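The values are calculated or read from the model by the stated rules, or taken from the named source; none is laboratory data. Note that the structure is a prediction, hence the values are computed from the model and not measured. Glycine gets a Cβ as well: all are built from the backbone with ideal geometry, and neighbour counts include every protein chain shown.
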Amino acid sequence: MNLELINRKNAARYLIDLTHMKLLSECLARWKKWRPSDHLDELRRLYLMYHPNHLGPTVVEDPVFLLRSIQNTQREVFPEINARRDISIARIMAIRNASHHDGIVKSRPSIGASDNHELNDEDVRYLTDCCDYLIATICSSTAPVVQSPVVQSPVVQSPVVQSPVVQSPVVQGLPQVLSFYVLCDTSTSMFGRGIDAVNRSIKELHGQLLEDPVISDKVRIAMLSFATDARVELPLSRPSDIATMPTFSASGVTNYSRVFDLVGDEISRNMATLRTTHRPLRPVVFIVTDGSPTDKKWLESLDKLVDTSNPYVPNVVVFPCGFDATELEKGFTNLTRGLAPRIWSIDPNRLLEDAIREAISSVTKSIVQTATGDGDTLVISGS
């Protein structure tokens, strides 16, 4: 056991928590002056656009969300920090992530590191200096506040990102939990080999989640079906508590709005329950479908589901099987409340059953790699 590393990790955690506690009220006061009517909604929007793969809830009680929001509004609200080139929130977050995980500070060009390295004394000294400066500067009564900023449009990262981790805000010390909702199209067009591929693949998914006890303990999974109507086939469960996976059958039309409404209700209920015993991260919704929606209100329901004002707004990924998703993607551009779902490319000319196996294989690998990676950064993995 490396006691020196443990001491450094504990020191870094203490500094982050202390800084969060000291800055919270002053930062909120500044953000309210900046955007009096919707400051939290705007902070969430910026956060999710800059860090789309982060699964942490977007509430200011979360130290990571607070620090990232300072970073995202440096130019408009914290010009005194923006002027200090030696103060890097990105590097602070890299050190923080190391303190909460394996102790390795991950290299990124923006933080000036040449390679990954074990958390060292220099990192702790840097964090100490930065935290002291942030507290002294932001909490100063003479610190400037800019009330009418021009919000910059952030750059959206690529789908597969090994980016920093975000803690849940509820109660420090509780175990994290990752919730995944798999939505399977069971319309008539899936009849035969398509639905058979779904049933075989989800059993393989379950088996792989059971292979690693860490994953089985940290992950929760739910299965929903949708066609003319939508149903919860498997409520959100620990993989080890699932005796058998559901068996799907195909009939009906492809109604997206019903399943978007249903999964939204399930997420709200599940997160409220999980918060009493765990630190739930932002849920992930995987959609496996072989066609575009046949209903007219699907976009309205999706807009509600991805609304960034929800602290637990899900990260949505669509796997189109056997069809060209161009029109679906165009529809996403009309969303007004939040970020559009990500479409994971699958060759539309593949046989339906092969495309479905590829999609659910990607779902499986994504769950495993997300749970075993930094812990709460979504990693979308190909088959």
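Is at least one residue of segment 325-344 under 19 Å from residue 227 (Cα atoms) and of a type in the set (A, V, I, L, M, F, W, C)?
Let us first name the residues in segment 325-344 that are under 19 Å from residue 227 (Cα atoms), namely 325, 328.
After this cut, where a residue has to be of a type in the set (A, V, I, L, M, F, W, C) as well, the list is 325, 328.
Yes - at least one qualifying residue is present in segment 325-344.
Would you say residue 366 is assigned to a helix (DSSP H, G or I) and more than 17 Å from residue 53 (Cβ to Cβ)?
no
Out of everything in segment 1-56 that is of a type in the set (D, E, K, R) and assigned to a loop (DSSP other than H, G, I, E, B), what residue ends up being surrounded by the most Cβ atoms within 10 Å (Cβ to Cβ)?
Step by step, filter segment 1-56, then rank; the result is 35.
So, residue 166, is that one at pLDDT below 95 and crowded, with 23+ Cβ neighbours inside 10 Å or not?
yes
Can we say residue 279 is buried (at least 17 other Cβ atoms within 10 Å of the Cβ) and not small (Gly, Ala, Ser)?
yes
Mind counting the residues in segment 249-292 that are assigned to a loop (DSSP other than H, G, I, E, B), closer than 24 Å to residue 100 by Cβ and either touching a residue at least 12 places away in the same chain (Cβ under 8 Å) or of a type in the set (Gly, Ala, Ser) (or both)?
Residues of segment 249-292 that are assigned to a loop (DSSP other than H, G, I, E, B), as a first pass: 249-255, 275-278, 281-283, 290-292.
Checking which are closer than 24 Å to residue 100 by Cβ leaves us with 275-278, 281-283.
Filter once more, keeping what is either touching a residue at least 12 places away in the same chain (Cβ under 8 Å) or of a type in the set (Gly, Ala, Ser) (or both): 275, 277-278, 281-283.
Going through segment 249-292 one residue at a time, the tally reaches 6.
Go through segment 188-218 and report how many residues are β-branched (Val, Ile, Thr) and at pLDDT 95 or above.
So the count comes out to 4.
Failed condition for residue 304, given (1) surrounded by 20 or more Cβ atoms within 10 Å (Cβ to Cβ); (2) closer than 23 Å to residue 228 by Cβ; (3) out of contact with any Pro (no Cβ under 9 Å at 6 or more places or on another chain), with all others met?
(1)
Are any of the residues in segment 294-313 at pLDDT 95 or above, in contact with a Ser or Thr (Cβ under 8 Å, 6 or more places away or on another chain), in a helix (DSSP H, G or I) and of a type in the set (D, E, K, R)?
yes
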